[in-house]
Structures are given as structure tokens and as C-alpha cells.
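Asks: Questions regarding the structure given below will be posed in turn.
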Amino acid sequence: MRHAVYARYFATLLFLVSALIPPAAFAADTALPRVAVLATGGTIAGQADARAANAYNAGAVGAQQLVQAVPGIEKLAQLSTEQVASIGSQDMNDKVWFALARRIQQIFDRNEADAVVITHGTDTLEETAFFLDNVLHTDKPVVLVGSMRPSTATSADGPSNLYEAVEVAASPSARGRGVMVVLNDTIQSARATTKTNTTSVQTFVSPNSGPIGYVDPASVRFLAPAFQPDSHKYTLPSGEALPRVAIVYSHANMDGVEIDSAIASKAKGIVLAGVGDGNTSKTALDALERAAKQGIVVVRASRVGSGFVNRNVEVNDDQNGFVVSLDLNAQKARILTQLLIANGITAPAQVQKAFAATW
Ligand code: GLU
């Protein structure tokens with residue numbers, strides 16, 4: 001009985017003493033990894049709009065507000081926030097990409113943070129992830145996160161996705177894995193993942209390889225040890241724009257009009273979102289051959305959504321001076337082609353080598 005009273009006094013004393021010490025003095029806080037959250041907009045920062053019951057404005061909520069809305073996130077990391085842009089990702093552009101790449105590189109070079117999380121609209125999230133994966137020089141974790149429902153929706157997925165993105169970024173096992181994408185409990189690689197569903201919360205999949213890991217509020221699990229392919233990192237050109245590369249979508253009854261118009265618009269490269277194994281009609285292939293003969297980089301990708309595009313099977317790439325995208329979908333093949341051209345790599349054999357870097 002006496003012991004119980006002493007224990008109670010002791011507990012009260014401890015509580016009073018701890019209340020007098022400012023929180024920053026607790027070793028546990030500063031021992032947490034430092035994660036910089038860079039916000040760009042998107043549905044994850046969306047707010048209800050009066051237009052219709054389910055309408056919303058993408059990018060209306062600021063970075064600080066986004067983080068504060070996630071209970072318990074402060075126990076995962078020491079968080080800092082920066083607003084890089086406030087746009088729906090359908091408006092994502094070279095200017096924001098360059099600003100993001102330069103700021104993230106600076107954060108790591110100056111040792112301002114141990115990891116970076118980028119909040120982003122889902123529409124072009126895979127493209128920003130792939131772009132950054134090709135230009136950042138770091139083995140520290142960079143995680144892109146978005147949501148399919150705005151913060152004001154019933155069962156908004158933004159807070160749990162952001163919690164899990166920070167959890168992955170703060171995890172020691174996330175180092176050396178390149179740029180990652182976290183949504184709906186899955187961790188995907190920038191190269192392999194793509195948005196596959198217009199509305200479902202399970203929209204990002206990696207059709208050729210599956211996710212690289214899983215995350216839940218209690219754990220981060222990678223399916224294999226970190227493996228960094230010997231992929232080259234490209235230098236950003238001066239200025240704020242990448243060279244013009246057009247995507248031409250193939251279909252039945254295809255003519256060469258879009259290809260000729262890409263040539264006329266002075267595109268430095270053309271990516272074919274081809275049928276099947278990156279194929280298109282005889283007329284369109286002739287137009288692509290005309291483009292390649294003028295020194296335009298021609299890359300055959302596929303509109304199918306999974307699988308690899310193979311060289312010299314249905315189309316004679318050697319003879320035509322074409323490149324195949326292998327596993328890269330058309331939107332990612334476009335980015336790699338832009339970076340290669342910006343780095344002076346335009347000869348088909350060299351471009352093909354760069355596309356094959358992972359394989
Ligand atoms: N189109 C918007 C965007 O990509 C909304 C889609 C989303 O974020 O899920 O930012």
C-alpha cells in the first residue's frame with residue numbers, strides 16, 4: 001500500500017519534470033531521420049468544389065496543412081515542408097521538373113535531409129518519378145506519393161498514403177533503390193510503375209515486375225535486396241526545357257499524318273506508341289523511316305501496357321535506324337529520349353544502349 005503511494009508520487013514527479021523540458025530536448029526526436037516533404041499539388045492536396053458532389057480543385061491544400069492532417073506522422077521523422085508548385089499534374093512541366101531536381105540535389109548535397117517525399121497528382125506521377133530517377137545523383141530515398149480521392153472525400157486515401165510514404169522514406173532499408181512511388185500499401189519503382197485505373201485507389205502497378213515492396217502502418221517490407229542497375233545519370237541541360245519529342249499513337253487505318261506533322265514541328269525525337277510489339281502500318285513505318293533519315297531519334301514503344309518491345313522481330317530496326325523502348329511505356333520512353341538528346345546522345349546504337357541499361 002505504502003509502495004503504491006510512493007509509486008504514484010514518483011510518477012507525478014516524473015510527469016511534472018518531463019513537462020518542464022522542451023520536446024526538442026528528447027533524444028528520440030532528433031534521432032529520427034529528417035524527411036523533407038516537397039509539395040507540387042494534385043488530388044492529394046484537393047479540396048471540395050461546389051460544382052458537383054464529387055468535384056474538387058487539385059492542389060488547393062498547402063504542404064504544411066497536408067502533413068498536419070496526418071495523425072502520428074511526426075513520430076516517423078523530423079519533417080520539413082516546402083511548396084514547389086500547386087498544380088494538377090496534367091499541367092506538370094519541364095520548369096517544375098527542373099526546380100524539383102535542382103532542389104532535391106541541393107537538399108542532399110547540403111545534407112539538409114536524409115530523404116525526400118514529393119506529393120504529386122497521380123496523372124503524370126510516374127513521369128516525374130522516372131525523370132528524377134534519371135537525373136538525381138544520390139542513394140538516399142526519394143518517394144513520390146499521391147492520392148486518388150481529395151482530402152474532403154469519404155475515405156480519403158491521401159493521409160494514409162502520405163503516412164506510408166514518409167514511413168518508407170524514413171526506413172533504413174529504402175536506401176539505394178532509386179526513386180520510388182508509394183500508394184495504397186505498395187512500393188513501386190519509378191521505372192516499372194504506371195497508372196492503370198482512372199478512379200481506383202489501387203491504380204499504380206508495375207505490369208512487368210510487380211511492386212518492389214509493401215508498406216503498412218507497422219512495417220516496410222522490400223521483396224529483394226537493394227539493386228541499383230548500372231544506369232547512367234543524365235545532366236540537366238542549361239535553361240528550363242528538354243528537347244521536343246513527340247508521341248504518336250498507332251491504331252487501325254493508320255496513316256503518316258501525325259508523324260509528318262511531328263517532323264514539321266521540328267521534333268528532335270518521335271516515340272511510337274505502337275500496336276502490339278511496337279508496330280504500325282506500312283504507311284506510318286515509311287513516315288518513321290523518313291524521320292530517322294533526317295536524324296530524328298525514332299523509338300518504338302507499345303500501347304499495350306505490358307511486356308517488352310523487341311528489336312528486329314516484326315520491324316527491321318537495324319535497317320531503318322530505329323530504337324526499341326524494351327520495357328518502357330511511351331511516356332517514359334519520351335523522357336529518356338529527351339534526356340539522351342539533351343546529353344548529345346542521338347546515334348541509334350547509343351540510344352539503344354541507354355534504353356537497355358537495366359537489361
Ligand atoms: N488530374 C489531377 C492530377 O493529376 C488529379 C489526379 C490525381 O491527382 O489523382 O493532379
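What follows is calculated from the coordinates using simple rules that are stated; it is not laboratory data. Keep in mind the model is a prediction, meaning the values are calculated, not measured. Cβ: placed from backbone, ideal geometry, glycine included. Neighbour counts: every protein chain shown.
Asks: Excluding residue 333 itself, calculate the net charge of residues whose Cβ lies under 15 Å from the Cβ of residue 333, where each Lys or Arg counts +1 and each Asp or Glu counts -1.
Replies: Neighbour charge sum, excluding residue 333 itself: +3.
Asks: Can you tell me what share of the DSSP beta bridges in the chain is antiparallel? A percent to the nearest 5 is fine.
Replies: Antiparallel bridges make up about 35 percent of those DSSP assigns within the chain.
Asks: When a/c reaches 1.5 or more, the comparison of a/b and b/c decides; with that in mind, is segment 196-313 rounded, prolate or oblate per its Cα gyration tensor? Don't skip to the answer; put the middle values down first.
Replies: Working: a/c = 2.31, a/b = 1.70, b/c = 1.36.
Because a/c hits 1.5 or more and a/b exceeds b/c, segment 196-313 counts as prolate.
Asks: Suppose every K and R has +1 on its Cβ and every D and E has -1 on its Cβ; what is the size of the dipole of segment 171-303 about the Cα centre, in Debye to the nearest 20? The partial results should precede the final answer.
Replies: On the way: 14 positive and 10 negative charges, 60 e Å.
The calculated dipole for segment 171-303 is roughly 280 debye.
Asks: So for the chain, taking the charge dipole from beta-carbon charges (+1 Lys/Arg, -1 Asp/Glu), which of 193, 84, 278 sits furthest toward the positive end?
Replies: Among 193, 84, 278, the one farthest towards the positive end of the dipole of the chain is 84.
Asks: Just going by the charge dipole of segment 201-359, with Lys and Arg at +1 and Asp and Glu at -1 on Cβ, which of 328, 347, 302 is farthest out on the positive end?
Replies: The one lying farthest along the dipole's positive direction is 347.
Asks: Nearest 10 degrees is fine. How inclined is helix 158-170 to the longest principal axis of the chain, computing both from alpha carbons?
Replies: 90
Asks: To the nearest 20 debye, what is the magnitude of the charge dipole of the chain about its Cα centre, counting +1 on the Cβ of each Lys and Arg and -1 on the Cβ of each Asp and Glu?
Replies: With Lys and Arg at +1 and Asp and Glu at -1, about 460 debye.
Asks: Using Cβ contacts closer than 10 Å as the measure, can you line up 265, 250, 173 from fewest to most?
Replies: Ranked by crowding around the Cβ, least crowded first: 265, 173, 250.
Asks: Determine the relative contact order of segment 172-301: mean sequence separation of Cα pairs under 8 Å and six or more apart, normalised by residue count, in whole percent.
Replies: Answer for segment 172-301 is 17 percent.
Asks: On to the next question. Assign one of three labels to the chain, namely rounded, prolate or oblate, based on the Cα gyration tensor with a ≥ b ≥ c the square roots of its eigenvalues; rounded applies when a/c is under 1.5, prolate when it is not and a/b is larger than b/c, and oblate otherwise.
Replies: It is prolate, given that a/c is not under 1.5 and a/b is the larger ratio.
Asks: With +1 on each Lys and Arg Cβ and -1 on each Asp and Glu Cβ, how big is the dipole of segment 228-309 about its Cα centre, in debye rounded to the nearest 20?
Replies: Roughly 140 debye, rounded to the nearest 20.
Asks: So what's the back-of-envelope 222 nm ellipticity for the chain, counting only DSSP H runs of four-plus at -39500 (n - 2.57) apiece and dividing by all residues, rounded to 500?
Replies: Working: 11 runs with 115 residues, N = 359.
Only helices count here, giving -9500 deg cm²/dmol.
Asks: Just want the ordering: 102, 191, from fewest to most Cβ atoms lying within 10 Å of their own Cβ.
Replies: Result, fewest neighbours first: 102, 191.
Asks: OK, next. Sorted from fewest to most neighbouring beta carbons within 10 Å, what does the list 74, 164 look like? Display every interim value, and only then the final one.
Replies: Details: 74 15, 164 26.
Ordered from fewest to most neighbouring Cβ atoms within 10 Å, 74, 164 come out as 74, 164.
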